[in-house]
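Rule-based calculations on the coordinates, nothing more; no lab input. Please read all numbers here as calculations on a predicted model, not as lab measurements. Note that we place each Cβ from the backbone using ideal geometry, even for glycine, and neighbour counts take in every protein chain shown.
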């Protein structure tokens, strides 16, 4: 279904939310779910952004407030963990700004966060309102900790998927996905979602953030799994910056040797690397 057809179902998640695996349901209506996003979406900032992958830039980057994850090293915590940071926005306002940025030279429309998943109802309404005025691709840049219901809604509205695959396949409370990212059953949810959109034939670029001390537990298994997805492109992110409150391995600086090791493995696996 296209964005217009998906609008009623999308809007239902504003009062009974099942867009991510936390299934907060009716808590969405009172902004008391895990992400604490309510019925109104807030945008922390938006801009023509030159830091995305080459095929996307300059991108019209739209940074939504609020996130379904709680990554301990998040550099965007001021708005990722504060869902009312910035300005409230309507679909009409966002569509008008997209048209403006498109005229200014944007080559893509990147819905980012925080995480854009809680804002899918607004994204659908915006894309539907844009209609034929939109001449550049939509990009869903997400932690991809979402449900099949969310992916069903996005299918007719998103042209390029830009998911993160940060953490490895360990499970349980001490796994990286849960202990560091705050996302139970992380690996099964995220790899399942990536595999699903790849099967749809959409362009998929998976980002993997290299983290100090996490080659064996996260990088090696993530890249090895990505090699089983031949249509997926991979973007290795090397800009890890430890926040002041980080501890253990995550308090360290990402070393050149760790970056080189990851690149060697990616090349050995035959991954399609993009920059």
If 197, 99 are placed from fewest to most neighbouring beta carbons inside 10 Å, the sequence is 99, 197
Helix-only estimate, please: 222 nm mean residue ellipticity of the chain, summing -39500 (n - 2.57) across DSSP H runs of length 4 or more and dividing by its residues, to the nearest 500. -8500 deg cm²/dmol
Relative to the longest principal axis of the chain, what angle (0 to 90°, nearest 10) does the C-alpha long axis of helix 186-199 take? 60 degrees
Amide N proximity, region 52-86 versus residue 244 label position 7 Å along Cα-to-Cβ, cut-off under 18 Å: 72-81
Express in whole angstrom the spacing between the alpha-carbon centres of region 150-183 and region 99-125. 19 Å
Could you give the alpha-carbon Rg of region 1-137 over 2.2 N^0.38 Å, rounded to two decimals? 1.03
Residues 56, 226 in order from fewest to most other beta-carbon atoms within 10 Å are 226, 56
For the pair residue 275 and residue 93, how long in nm is the line joining their label points, each one 7 Å along Cα→Cβ? 3.9 nm
Angle between the chain longest axis and helix 3-12 axis [Cα atoms, degrees, rounded to 10]: 80 degrees
Scan [x] 0.96; [y] 1.08; [z] 1.29 for the value of Cα Rg over 2.2 N^0.38 Å calculated from this model and give just the label. [x]
Sort 109, 205 so the one with the fewest other Cβ atoms within 10 Å of its own Cβ comes first. 205, 109
Which residues in region 208-237 place their backbone N less than 16 Å from a point set 7 Å from the Cα of residue 267 along the Cα-to-Cβ direction? 236
Can I get the semi-axes of region 164-275's equivalent ellipsoid? Compute them from the C-alpha gyration tensor as square roots of 5 times the eigenvalues, in angstrom, largest first. 23, 18, 11
Taking the Cα-to-Cβ direction at residue 100 and at residue 16 and moving 7 Å from each Cα, how far apart do the two end points lie in nm? 3.8 nm
Which stretch or stretches of region 161-196 have amide N atoms under 19 Å from the point lying 7 Å from residue 75's Cα along the Cα→Cβ direction? 163-167, 181
Could you give the nm distance between label points at residue 202 and residue 9, where each point is 7 Å from its Cα heading toward the beta carbon? 1.3 nm
